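S.K.: To start, I am sharing the structure in question, which I have written as structure tokens.
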């Protein structure tokens with residue numbers, strides 16, 4: 001049977017090895033090299049970390065990696081329901097910020113709306129812009145960059161535990177430690193019907209769990 005990689009972590013997590021080949025995400029870029037070289041296996045890592053709708057995000061995130069920085073982009077779910085999208089993607093702090101943005105817009109509107117006719121169309125237009133349109137635009141344009149920041153590999157060594165579930169709960173297979181760049185390589189023999197995931201501890205002491213994967 002084929003060797004099975006571990007699951008990629010959501011945020012500040014290590015990079016994994018596929019087919020026993022370590023994949024290192026460049027963290028520093030030389031001034032003599034205009035773009036970073038991104039290995040094809042990074043698309044697989046992003047796909048596992050992102051989960052649903054990965055086809056939409058992976059090409060954008062690979063472009064971010066080549067450029068070395070994120071760029072604003074349009075995200076319809078984040079535009080229509082910013083906090084819901086953020087919480088669904090496990091961006092907890094960002095979700096709270098998105099929920100507060102309309103309140104901030106309401107305070108800004110209160111300062112401007114007093115000078116407008118409360119029954120006229122201009123008053124309603126200003127209310128719409130400050131309370132809904134502007135917060136939604138800001139959320140949508142920043143959403144891809146925020147999610148990219150969550151699924152990028154770690155930049156410091158972390159302890160990684162590989163777990164397997166064959167139907168009787170998650171059990172530890174082994175624990176390893178990444179290198180300074182957040183890289184580890186490990187081959188695991190697959191079992192039919194089993195799912196795999198990893199747990200790791202960040203530098204701040206928080207323990208995170210990656211999404212389960214089922215080898216094909």
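Just so you know, all these numbers are worked out from the coordinates, no wet-lab data involved. The model shown is predicted, which means the values in this text are computed figures rather than measured ones. As a convention, Cβ positions derive from the backbone with ideal geometry for all residues, glycine included, and neighbour counts pool all protein chains shown.
S.K.: Using r as the Cβ-Cβ distance of residue 129 and residue 71, and R0 as 25 Å, what FRET efficiency do you calculate, to the nearest 0.05? Provide the component values of the computation, followed by the final result.
M.R.: Working: r = 24 Å, r/R0 = 0.98.
Efficiency computed from Cβ-Cβ geometry: 0.55.
S.K.: In vacuo Debye scattering of region 49-139, one point per C-alpha: log10 I(q)/I(0) at q = 0.15, 0.16, 0.19, 0.21 Å⁻¹?
M.R.: Relative scattering, expressed as log10 I(q)/I(0), comes to -0.69, -0.74, -0.91, -1.02.
S.K.: Right, another one. Measuring from label point to label point, each 7 Å out along Cα→Cβ, what is the residue 170 to residue 190 span in nm?
M.R.: So the label points at residue 170 and residue 190 sit 2.1 nm apart.
S.K.: Can I ask one more? Counting C-alpha atoms alone, how compact is region 58-216: give Rg to one decimal and Dmax as a whole number, in angstrom.
M.R.: According to the Cα coordinates of region 58-216, Rg and Dmax are 21.9, 71 Å.
S.K.: Take the Cα pairs of region 105-178, get the Kirkwood Rh, then feed it into Stokes-Einstein at 25 °C and 0.890 mPa s and tell me D in µm²/s. Walk me through the numbers on the way to the answer.
M.R.: Details: Rh = 17.1 Å.
Stokes-Einstein gives a translational diffusion coefficient of 143 µm²/s.
S.K.: Let me ask something else about it. What relative contact order, as a whole-number percentage, does region 42-183 give when Cα pairs under 8 Å and 6 or more residues apart are counted? Display every interim value, and only then the final one.
M.R.: Details: 157 pairs, mean separation 31.8, N = 142.
This gives 22 percent for region 42-183.
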